[in-house]
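The next block holds one structure in the form of structure tokens; read it before the comments.
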Amino acid sequence: MTTKRRVEPLLWLLFTSGGLAAAMLIPVLLLLFGLVFPAGWAGAPTEAHLLAVARHPLTRIVLLVVCVLAFFHWAHRFRYTLYDGLQLKHLSKLIIVICYGGALVGSALAGYVLLAVL
Amino acid sequence: MNAPATELQPRWYRPRMPLFWWVGRRSYRIFVLRELSSVFIAWSVVFLLLLIRAIGQGGSEYRRFLDRSGEPWVLALNALTLAFVLFHTLTWFNLAPHAMVVRLHGKRVPRTWIAGAHYAGWALITALVAWLVLA
């Protein structure tokens, strides 16, 4: 119970900062790269230009922070979606492992992509 | 929690809720949709990471990624995702003033100012990202 009480505020903090970061940055990125460029409404930027922008240390850090926070935002909110929406509170331990474990795996992959592949 | 019932430890009273308890009322449906937006946030991040990986792997991978993103089902998925992400953004900004109590010179900053600051920040960041990508 005590560890739960110590961890829960941190998870809540990750949830809210992730929600804010996602709200601010994801709409424009998804609009451009998910719809505008693939649908051909505007010419996609060249690979060289995107590489130059994405490889800037500041871009890498911002993207990494946003990815990690957004994954933990998902984990926290989806945990309660399963608890309340699907009434799975009795599977609490399994859900916690899947949600926050998934966020940890996602964060590691984000780190790998942004720091090693890019 | 689920100890067997004895005379001294009676069975817990836990009424069963129907699985789709949230279907019947509009505000409940909106609540569940807002909760579900997190799944689409997660997909957006995965999609962006796939894009960044493609950029990092070179020109042909990037072109392949653009081609694949142009397939009708990916476009449809991303259009749905954008709708959920915008829903998340708007509900988040509109709730922020209720969650944040900011005081200035001992007076509470009006809610409209806090929401307005969020929208202004959003506009600024959106313009900056669009300029970085398109310039």
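How many Cβ atoms of partner chains, on average, are near each residue of B:30-42 if near means within 10 Å of its Cβ?
Across B:30-42, the average partner-chain Cβ count within 10 Å equals 6.
As a test of the definition: which semi-axes, in Å, follow for region B:40-126 when you take the square root of five times each eigenvalue of its alpha carbon gyration tensor? Largest first, please.
That gives 38, 14, 9 Å for the three semi-axes.
Packing-wise, with mean Cβ within 10 Å as the measure, how do A:54-64, A:29-39, B:50-60, A:68-78 rank, highest first?
So the order, starting with the most tightly packed, is A:68-78, A:29-39, B:50-60, A:54-64.
Counting other C-beta atoms within 10 Å, and keeping those with at most 10, which DSSP coil GluC sites (Glu not before Pro) do you find in region B:1-75?
Answer by residue number: B:E7.
Can you give the net charge of the other residues whose Cβ lies under 10 Å from the Cβ of A:C99, counting K and R as +1 and D and E as -1?
Charge balance near A:C99 sits at +2.
Using the 2.2 N^0.38 Å rule of thumb for compact globular proteins, work out how region B:5-49 stacks up: its C-alpha Rg over that value, please.
Cα Rg divided by the expected 2.2 N^0.38 Å: 1.99.
Using a 1.4 angstrom probe on heavy atoms only, work out the carbon and sulfur share of the accessible area of the protein assembly as shown in %.
The C+S portion of the solvent-accessible surface of the protein assembly as shown is 71 percent.
Could you work out, residue by residue across B:51-62, how many beta carbons of other chains sit within 10 Å of that residue's beta carbon, and then give the average as an integer?
That works out to 6 on average.
Which values, in whole Å and largest first, are the semi-axes of the equivalent ellipsoid of region B:59-107 obtained as the square root of 5 times each eigenvalue of the Cα gyration tensor?
The three semi-axes for region B:59-107 are 41, 14, 4 Å.
Checking an interface number: how much accessible area is buried between A and B, summed over both chains, with a 1.4 Å probe, in Å² rounded to 100?
4600
Using all alpha carbons of region B:86-134, what is the percent of pairwise distances in each 5 Å bin, ordered from the shortest bin to the longest?
5, 20, 22, 20, 15, 10, 6, 2, 1
What is the Cα convex hull volume of chain A when expressed per residue in Å³?
Given the Cα convex hull of chain A, per-residue volume reads 128 Å³.
Mind jotting down a quarter of the surface of the convex hull over the alpha carbons of region A:1-54, in square nanometres, one decimal?
5.5
Rounded to the nearest 500, what is chain A's calculated 222 nm mean residue ellipticity when only DSSP H runs of at least 4 contribute -39500 (n - 2.57) each, over all residues?
Value at 222 nm, helices only, nearest 500: -24000 deg cm²/dmol.
The values are calculated or read from the model by the stated rules, or taken from the named source; none is laboratory data. Here the structure is a predicted model, which is why all the values come from computation and not from measurement. We place every Cβ from the backbone using ideal geometry, glycine too, and count neighbours over all the protein chains shown. We work out accessible area using only protein heavy atoms, side chains counted, and drop any ligands, DNA or RNA first. Shrake-Rupley method; radii C 1.70, N 1.55, O 1.52, S 1.80 Å.
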